[in-house]
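K.L.:
First the structure, then my questions, so here it is.
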Amino acid sequence: MRRIAISVAASTLTLSLASCGVLNASESGGEASPTKGDDITVGLLLPETANTRYEQFDYPIFKEKVASLTKNKGKVEYANAQASADKQAEQLQKMIDDRVDVIVLDAVDAHAVAEGVRKAKEAGIPVIAYDRLAEGPIDAYISFDNELVGEAQGRALLEALGDKAGGSARVVMMNGSPTDPNAKQFKAGAMSELNGKVTIAKSYDTEDWKPENAEANMAEAIGAIGKDNIAAVYSANDGMAGGIVKALKAAGVTDLPPVTGQDADLAAVQRIVAGEQYMSVYKPYPQEAESAAEMAVAKVQGRDIQFDALTRDKVDSPTHKGIPAQLLPVVSLTRSNIGSTVVADGIYEVSDICTAAYAADCAAIGLK
């Protein structure tokens with residue numbers, strides 16, 4: 001897997017391959033003639049709604065981009081699996097039966113979905129894995145560099161600990177769902193930073209990424225370790241971070257330990273402003289969703305040069321090697337760069353973040 005450095009500057013959503021001239025490559029030079037026109041149907045399968053990003057960002061941005069690429073003639077057939085692998089299998093089969101032109105799939109269970117991917121392939125429908133690397137004969141993959149996400153989280157946690165970091169510093173690891181291959185990569189990246197520098201007192205794999213499961217796990221960890229003996233908490237995403245903070249407060253912890261996160265959920269950004277969560281990982285969803293739409297349309301229209309330009313990386317799944325991929329950079333989000341990331345990129349307005357309950361905290365960090 002080609003490694004991409006974490007962006008330390010403000011991300012911009014205006015960056016595109018088109019600005020580099022890639023998407024305007026000539027139709028000559030060996031590129032196949034389009035096999036489909038603009039009247040296409042793109043299937044989009046997303047995994048759950050517990051993480052607000054999918055309904056708030058990924059789907060609407062993806063849908064809008066498909067429309068713009070097809071002169072408003074292309075349509076998106078969308079389904080959300082509500083964290084059920086069985087439901088997603090049914091949704092995938094329906095899209096195969098409906099003869100959509102291409103499927104963009106964010107798998108609930110990367111292993112279980114492989115049979116459905118194989119069926120789509122047999123039906124002549126390309127499948128692009130989105131955000132999570134599904135098994136089976138997928139045609140391409142787009143996501144963020146997941147190990148770098150974990151590394152960013154681990155480094156931030158050590159920075160937050162400062163002089164308290166060391167072998168005696170007890171850390172609770174709240175990892176993601178065991179059915180999500182990304183969770184393993186996040187953990188591996190985090191551990192590459194934390195190994196030998198802290199003590200992992202408790203570690204959990206959190207079923208379905210559910211905040212309530214993380215909250216229950218954290219309550220168990222507090223009972224086992226003691227509320228005053230937890231130096232920091234590694235949380236793989238923001239939803240779980242919310243559950244962790246609830247458990248800490250319920251146990252009577254007033255001086256909260258540093259807690260990591262991922263996804264830059266609005267509630268998490270507000271917790272960061274208030275000092276209840278140390279950091280999140282901001283992943284520019286518009287860039288991911290728009291690039292996935294470009295990949296899907298290019299694939300189904302037979303625009304090989306364009307498709308190849310969008311998939312210059314290579315990744316391996318447990319079932320297939322050398323999968324064409326696009327891996328996007330990420331940003332470590334703390335109190336110091338909220339304005340230059342999620343606000344500058346138009347993800348949130350300052351008014352969204354700085355509601356009455358957070359007005360004083362926003363003023364304290366100059367967010368206005």
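K.L.:
Taking Cα centroids, how far is segment 268-336 from segment 149-221 in Å?
P.N.:
Between the Cα centres of segment 268-336 and segment 149-221 lies a distance of 22 Å.
K.L.:
Mind listing P(r) for segment 183-227? All alpha-carbon pairs, 5 Å bins, whole percents.
P.N.:
Taking every Cα pair in segment 183-227, the percentages come to 5, 20, 22, 22, 23, 8, 0.
K.L.:
Which one, A356, A114, A344, has the greatest fluctuation when you compute a Gaussian network model over the chain with C-alpha springs under 10 angstrom?
P.N.:
With Cα springs under 10 Å in the chain, the top fluctuation among A356, A114, A344 is at A356.
K.L.:
Shape verdict for segment 223-344, please, from the Cα gyration tensor: rounded (a/c under 1.5), prolate (a/b greater than b/c) or oblate. Walk me through the numbers on the way to the answer.
P.N.:
On the way: a/c = 3.71, a/b = 2.20, b/c = 1.69.
It comes out prolate by the Cα gyration axes.
K.L.:
Okay, next question. For a quick check: with amide H placed at 1.01 Å from N, whose amide H comes under 5 Å from D131's, ignoring anything fewer than 5 positions away on the same chain?
P.N.:
It is I142, S143, by chain and number.
K.L.:
With every protein chain kept in the model, how would you rank T49, T260 by accessible area, 1.4 Å probe, largest at the top?
P.N.:
T49, T260
K.L.:
How do 70-77, 120-127, 359-366, 168-175 rank on mean C-beta neighbours within 10 Å, highest first?
P.N.:
Result, highest mean first: 168-175, 120-127, 70-77, 359-366.
K.L.:
Only four residue types carry charge here, +1 at the Cβ of Lys and Arg and -1 at the Cβ of Asp and Glu. Report the dipole size of segment 252-368 about the Cα centre in Debye, rounded to the nearest 20. Walk me through the numbers before you get to the answer.
P.N.:
Details: 9 positive and 15 negative charges, 48 e Å.
Value, rounded to 20: 220 debye.
K.L.:
Next question. Search the structure for amide H atoms under 5 Å from the amide H of Q82, placed 1.01 Å from N in the peptide plane, and list their residues when 5 or more places away or on another chain.
P.N.:
E48, T49
K.L.:
How large is ³J(HN,Hα), in whole Hz, for each residue of segment 336-343 in order, when computed from phi with the Karplus curve 6.51 cos²θ - 1.76 cosθ + 1.60 and θ = phi - 60°, using x for Gly and Pro?
P.N.:
6, 10, 4, x, 8, 10, 5, 6
K.L.:
From the Cα gyration tensor of segment 84-237, with a ≥ b ≥ c the square roots of its eigenvalues, which class applies: rounded if a/c is under 1.5, or else prolate if a/b is larger than b/c, or else oblate?
P.N.:
Values: a/c = 4.12, a/b = 2.31, b/c = 1.79.
Judged from the Cα gyration tensor, segment 84-237 comes out prolate (a/c at least 1.5, a/b above b/c).
K.L.:
List, in order, the whole-Hz ³J(HN,Hα) value for each residue of segment 234-249 obtained from phi through the Karplus relation with A = 6.51, B = -1.76, C = 1.60 and θ = phi - 60°; use x for Gly and Pro.
P.N.:
Whole-Hz 3J(HN,Hα) from phi for segment 234-249: 7, 10, 6, 8, 6, x, 5, 4, x, x, 5, 4, 4, 5, 5, 5.
K.L.:
Something else about it: Determine the dipole magnitude for segment 36-149: charges of +1 sit on the beta-carbon of Lys and Arg, -1 on that of Asp and Glu, nothing else is charged, the reference point is the Cα centre, and the result goes in debye to the nearest 20. Before the final figure, lay out each step's value.
P.N.:
On the way: 14 positive and 21 negative charges, 87 e Å.
The calculation lands at about 420 debye.
K.L.:
If we count every other residue with Cβ under 14 angstrom of D86's Cβ, Lys/Arg +1 and Asp/Glu -1, where does the sum land?
P.N.:
-3
K.L.:
Apply the Karplus parameterisation 6.51 cos²θ - 1.76 cosθ + 1.60, with θ equal to phi minus 60°, to every residue of segment 110-122 and state each ³J(HN,Hα) to the nearest whole Hz, in sequence, with x for glycine and proline.
P.N.:
My calculation for segment 110-122 gives 4, 7, 5, 7, 4, 5, x, 4, 4, 5, 4, 4, 5 Hz in order.
K.L.:
Moving on. Under 5 Å between amide hydrogens, which residues at least 5 positions from V76 or on another chain qualify, with H placed 1.01 Å from N in the peptide plane?
P.N.:
HN-HN under 5 Å from V76: V42.
K.L.:
Also: Of the labelled options (i) 1.19; (ii) 0.96; (iii) 1.01, which one gives Cα Rg over 2.2 N^0.38 Å as computed for this structure?
P.N.:
Read-out from the structure maps to (iii).
K.L.:
Give me the compactness ratio for segment 147-206, meaning the Cα radius of gyration over 2.2 N^0.38 Å. Before the final figure, lay out the partial values.
P.N.:
Working: Rg = 11.2 Å, N = 60, 2.2 N^0.38 = 10.4 Å.
Dividing the Cα Rg of segment 147-206 by 2.2 N^0.38 Å gives 1.07.
K.L.:
Moving on. Would you work out which of A165, V127, Q93 lies farthest towards the positive end of the dipole of the chain, given +1 charges on the beta-carbon of Lys and Arg and -1 on that of Asp and Glu, about the Cα centre?
P.N.:
Going by the Cα projections, it comes out as A165.
The values are calculated or read from the model by the stated rules, or taken from the named source; none is laboratory data. Being a predicted model, the structure only gives us computed values, none of them experimental. Cβ sites come from the backbone with ideal geometry, for glycine too, and all protein chains shown count toward neighbours. In case anyone asks, the SASA skips ligands and DNA or RNA and just uses the protein heavy atoms, side chains included. Shrake-Rupley method; radii C 1.70, N 1.55, O 1.52, S 1.80 Å.
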